[in-house]
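The values are calculated or read from the model by the stated rules, or taken from the named source; none is laboratory data. Predicted model, so just to flag it, every value in this text is computed and none were measured. Cβ atoms come from the backbone with ideal geometry, glycine included; neighbour counts cover every protein chain shown.
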Amino acid sequence: MATVLSGSTGRIVTLDIIRGIAVMGIFSVNIVAFAMIEAAYFNPGAYGGASGASLAVWAANMIVIDGKMRTLFSMLFGASMLLVIERAEASGQSGAAVHVRRMLVLLGFGLIHYFFIWFGDILTLYAVSGLVAFLFRPLSNRTLMVFGAMLLGLHMLIFGGFSVAMYQADVVAHAPGATRAAIERWNDGLGAFYPTATQLAEDKALHLGPWTSFVAHTFSEWQKIIPFTLLWMPNTIGLMLIGMAGYRSGYLTGEWSDTRYRRIASAFIPLGLAAGLAVVIYDISSRFYSVGLFGAFVVADTPFITLMALGYAALIILLTRSGGWLSQRFAAAGRCAFTNYLGTSLIATFVFYGWGLGFYGSVSRAQAWLLVPLVWVLMLAWSKPWLERFHYGPFEWAWRSLARGKLQPMRKEKPIGTAATA
């Protein structure tokens, strides 16, 4: 049976635990994009350190976390989407209407996040993708998996084509007598992974300057969010469909046998680790050649990242079967995942940007990562006590209230403990 919280909440603890771990893992890789120029996220050679501890942090994230936790989170989004729709319909509401309202409110949060806080927003992508993923809801689990795999294949074709085009652009831009247009095409693409000293200085000045200047700059480049969303929709929708099938089949809710979960974890996780290690070895040996780096991680590693995320889900389920205090903390962090995700943006921008402590562009990758375990502890520390007193996390409450068009009850009549049961 699916694991649920005791009491009247009816929460599926397994989903909450996996979601909590995923949102924590996402921050582990996002920290670089908060602390330094965007190019450093993919290319350690661009900034932040490509040797020693900084290289080790990059390699560990690439092998163990990067892409895997976002993939897992996307699957959980698809699973939770179905869960909300089913419960709405069970209470006599229109599942479609409830879902559309939730996605439109999420879109609003995402746009605010993108324009006013951080360019790395993923909520906008999730909201738009969620609206499309809903259309696949009537399909069988097998068909959802097939369409999910096809959409991941489409993602690989799109970005594979882009990688080939960028390789050709690189060759033309660096050929003798290259035209200005050829050079600009390269620099506007993956050539941006090699920022000049001038670009580094301009980027640092922007993020250390007034918040109003940052917002004005973001609005001046508003159109960037459109191609990003469109290009990543096949991948995101595909993962949501796989998550929908994982929910219906009982895989993501812990209903499969331990034997099956062990087989999946023991097969998929080592495979994913090997693929991640191969990407790291190639990237280092190529001296972080942007075209190869992009193609290896975003294209070639996609199926292995997906399988590894499924393996992680199996392992998490196995390790948290018996519950315990840590499982309860992870579950609470997952119930407050929306608040925790937005909270990491608020904390990290305060630490690094100019309207806060101003450490942007002045720390190495390894130094920036030191903030990660502190935020992890904070997530685990606040979420459970909060939920013992309140029905929802702060941003979960706002999302629910706006989607329903009225304020939802927030404070519980009295604090009650929660315990996971197998």
Subject >> Failed condition for residue 403, given (1) touching a Phe, Trp or Tyr at 6+ places or on another chain (Cβ under 9 Å); (2) over 13 Å from residue 343 (Cβ atoms) >> reply: (1)
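Take the conditions surrounded by fewer than 16 Cβ atoms within 10 Å (Cβ to Cβ), out of contact with any Gly (no Cβ under 9 Å at 6 or more places or on another chain) and either of a type outside the set (A, V, I, L, M) or more than 30 Å from residue 56 (Cβ to Cβ) (or both) and apply them to residue 401. Does it pass?
no
Select from region 47-59 the residues that are more than 14 Å from residue 286 (Cα to Cα) and either among the polar types (S, T, N, Q) or in a loop (DSSP other than H, G, I, E, B) (or both) and list them in ascending order. Break it down stepwise before answering.
So in region 47-59, the residues more than 14 Å from residue 286 (Cα to Cα) come out as 47-49, 51-59.
Residues satisfying the conditions are 47, 48, 49, 51, 54.
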Original post:
Could we say that residue 263 is farther than 30 Å from residue 188 by Cβ and not aromatic (Phe, Trp, Tyr) here?
Top reply: yes
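Being in contact with a helix residue (DSSP H, G or I) (Cβ under 9 Å, 6 or more places away or on another chain), among the aliphatic types (A, V, I, L, M) and within 28 Å of residue 189 (Cβ to Cβ): is that true of residue 300 here? Explain how you work it out, then say what you get.
Values: in contact with a helix residue (DSSP H, G or I) (Cβ under 9 Å, 6 or more places away or on another chain): yes; among the aliphatic types (A, V, I, L, M): yes; within 28 Å of residue 189 (Cβ to Cβ): yes.
Yes.
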Original post:
Among the numbered criteria (1) under 22 Å from residue 165 (Cα atoms); (2) exposed (fewer than 13 other Cβ atoms within 10 Å of the Cβ); (3) touching a residue at least 24 places away in the same chain (Cβ under 8 Å), which single criterion is violated by residue 230?
Top reply: (3)
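Yes/no per residue for (1) more than 30 Å from residue 245 (Cα to Cα); (2) without any contact (Cβ under 8 Å) to a residue 60 or more places away in the chain; (3) in contact with a Ser or Thr (Cβ under 9 Å, 6 or more places away or on another chain); (4) among the basic types (Lys, Arg):
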site: 108; (1), (2), (3), (4): no, no, no, no
site: 135; (1), (2), (3), (4): no, yes, no, no
site: 172; (1), (2), (3), (4): yes, yes, yes, no
site: 183; (1), (2), (3), (4): yes, yes, no, no
site: 203; (1), (2), (3), (4): yes, no, no, no
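Just the residues that are within 18 Å of residue 127 (Cα to Cα) and either of a type in the set (A, V, I, L, M) or without any contact (Cβ under 8 Å) to a residue 40 or more places away in the chain (or both), please, taken from region 83-103.
Residues of region 83-103 that are within 18 Å of residue 127 (Cα to Cα), as a first pass: 83-85, 95-103.
Selection gives 83, 84, 85, 95, 96, 97, 98, 99, 100, 103.
Residue by residue, here is whether (1) modelled with pLDDT of 95 or more; (2) under 30 Å from residue 295 (Cα atoms); (3) within 19 Å of the chain's Cα centre (by Cα) holds:
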{"position": "30", "(1), (2), (3)": "yes, yes, yes"}
{"position": "45", "(1), (2), (3)": "no, yes, no"}
{"position": "53", "(1), (2), (3)": "yes, yes, no"}
{"position": "65", "(1), (2), (3)": "yes, yes, yes"}
{"position": "87", "(1), (2), (3)": "no, no, no"}
{"position": "91", "(1), (2), (3)": "no, no, no"}
{"position": "109", "(1), (2), (3)": "yes, no, yes"}
{"position": "123", "(1), (2), (3)": "yes, yes, yes"}
**OP:** Please work out if residue 345 is among the small types (Gly, Ala, Ser) and over 20 Å from the mean Cα position of the chain (by Cα).
**Re:** no
**OP:** Within region 34-44, identify whether any single residue is farther than 20 Å from residue 338 by Cα, buried (at least 22 other Cβ atoms within 10 Å of the Cβ) and touching a Lys or Arg at 6+ places or on another chain (Cβ under 6 Å), and answer yes or no.
**Re:** no
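Quick grid of which residues meet (1) of a type in the set (Val, Ile, Thr); (2) more than 24 Å from the chain's Cα centre (by Cα); (3) under 30 Å from residue 86 (Cβ atoms):
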residue: 183; (1), (2), (3): yes, yes, no
residue: 211; (1), (2), (3): no, yes, no
residue: 245; (1), (2), (3): no, no, yes
residue: 258; (1), (2), (3): no, yes, yes
